[in-house]
Amino acid sequence: MVDNEAAALVIENIAMLEDAMALANGELGEEVFAEIDRVICHWADARGWKGKFSFWDDETSLWATEWVRIGEGEEQWIAWFELDAEDPDEDTWLTRLLGARRGRIGFAFHADLGAGKPAWKRFAREFHQAHPEIEKSGFEYNDKDGSWFLPFKVQAKALAEAYANDALDDAMEPLRDALERVGSVYPTFAELVEAGKRKFVSESAASPL
């Protein structure tokens, strides 16, 4: 049931609320995520990683150079970390970033080694159970698709102050902390990729045509 007082406030301020949503889904959101792209790109460049850093228009993903393969004349990658969300679809990206509702933003780890979904899920589950350091680093295992997710959030007050002072970088410490966690657990994920390549590539090669 709708709270009468809350509903009255919405009615009285409907124009301001509409303007706020338009700003969050438009210029403001784009500007904040451009800064996030810049921080992630700088972190990746410092480690010699590659990536795509255009979140608002396309996606933001990054991967180690050893995860790159050449296929059909263009560069592809077999594993990567992607800036993504776990949440109800109605949340804005800015809402997710601030953790203002149920939605969460974070880095998801994915791998594509040519395994079927059931086989990959079994492999990923067993690997996760054998490597508790992944969970200790903050990554949560998603058994639905055999992926991992590292949530983080930026503090609303810090972001508001940084935006007012034209210094968005000042609010990005939680993002940098998440990136350092990505870096710290990378060797374990690299081990997973190599183990997966040995298992699934060798199985594929052994299968009759």
State to the nearest 20 debye the size of the charge dipole of segment 80-169 about its Cα centre, where the only charges are +1 on K and R beta carbons and -1 on D and E beta carbons. 320
For segment 84-163, report the accessible area per residue in Å² (1.4 Å probe, heavy atoms, rounded to an integer). 52
So the FRET efficiency between residue 190 and residue 102, C-beta based with R0 = 41 Å and rounded to 0.05, is 0.80
So how much accessible area does residue 199 have, in Å² to the nearest 10, using a 1.4 Å probe? 80
Roughly how much of residue 181 is accessible, in Å² to the nearest 10, using a 1.4 Å probe? 90
Could you tell me which of the pairs 153/197; 52/157; 50/197; 117/199; 52/136; 144/199 are separated by over 25 angstrom between their Cα atoms in the structure shown? 153/197; 52/157; 52/136
At 1.4 Å probe size, what's the solvent-accessible area of residue 95? Round to the nearest 10 Å². 30
Could you look at segment 118-203 and say what percent of its accessible area is carbon and sulfur, using a 1.4 Å probe and all protein chains? 50
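The values are calculated or read from the model by the stated rules, or taken from the named source; none is laboratory data. Note that the structure is a prediction, hence the values are computed from the model and not measured. Cβ atoms come from the backbone with ideal geometry, glycine included; neighbour counts cover every protein chain shown. Side chains included, ligands, DNA and RNA excluded: accessible areas come from the protein's heavy atoms. Shrake-Rupley method; radii C 1.70, N 1.55, O 1.52, S 1.80 Å.
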